[in-house]
1. Considering each residue of the stretch 93-114, count those that are over 14 Å from ARG46 (Cα atoms) and under 21 Å from the mean Cα position of the chain (by Cα), and give that number.
2. Please go through the stretch 19-48 and pick out each residue that is over 24 Å from GLY110 (Cβ atoms) and basic (Lys, Arg).
3. Tell me which of these MET104 doesn't satisfy, since it passes every other one: (1) under 25 Å from ARG123 (Cα atoms); (2) in a strand (DSSP E or B).
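What follows is calculated from the coordinates using simple rules that are stated; it is not laboratory data. Note that the structure is predicted; figures quoted are calculated from it, not measured. A quick note on method: Cβ atoms are made from the backbone with ideal geometry, for glycine too, and the neighbour counts reach across all protein chains shown.
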Amino acid sequence: MARRGIRLTSGQDPGRLSPCVCNTLRMVTRAVTQLYDGVLRPSGLRVTQFSILATIARMGEANLRQLQHALAIDQTTLTRSLNLLERDGVIARASHPDGRIKAMRLTSKGRRALDVARPLWARAQGKVLRELGTKAWADAQRRLTHLLHVAVTKRRPIRSRRRVQPAKAPPWASRKA
């Protein structure tokens, strides 16, 4: 599978990011994810999988709703990831009195994968913290926590005085090549 990389060309200034908060956060997230994925590669896990396994390990057993909340991830993405981890034998469904609840637990293979990945993750984490600085990271965490609060808990629909029209196809969608 070809990997798309974020590469800055010689003409790009990495210090000049987009004025769009969303675009900048997504760009930084992709680059940091690639750094962690690269360091974790020998474990066979990606950082997203590592995060899910580490969360399940911390909780002992977790259902879909608990994982969605803990990881701030949508149900579709989480379900797809859990299905792949289950297929690979690193997690298994745990029995639950309510059969509708999909509780997951680590298998012995999952615990071994996590044991291999943890020191690699620590290496990636250490690299980022050495470059950024622990005080700068603590400040960034504080600011990002506030941004998360703004984006999630204070989200209000933007109301317009005009009646909202049904969505139309974007203008570029009808153009012929």
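1. Count: 6.
2. Hits for the stretch 19-48 are ARG26, ARG30.
3. (1)
Yes or no, residue by residue, for (1) farther than 22 Å from TYR36 by Cα; (2) surrounded by 12 or more Cβ atoms within 10 Å (Cβ to Cβ); (3) in contact (Cβ under 8 Å) with a residue 24 or more places away in the chain:
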residue: GLY99; (1), (2), (3): yes, no, no
residue: ARG105; (1), (2), (3): yes, yes, yes
residue: ARG123; (1), (2), (3): no, yes, yes
residue: ALA136; (1), (2), (3): no, no, no
residue: THR145; (1), (2), (3): no, no, no
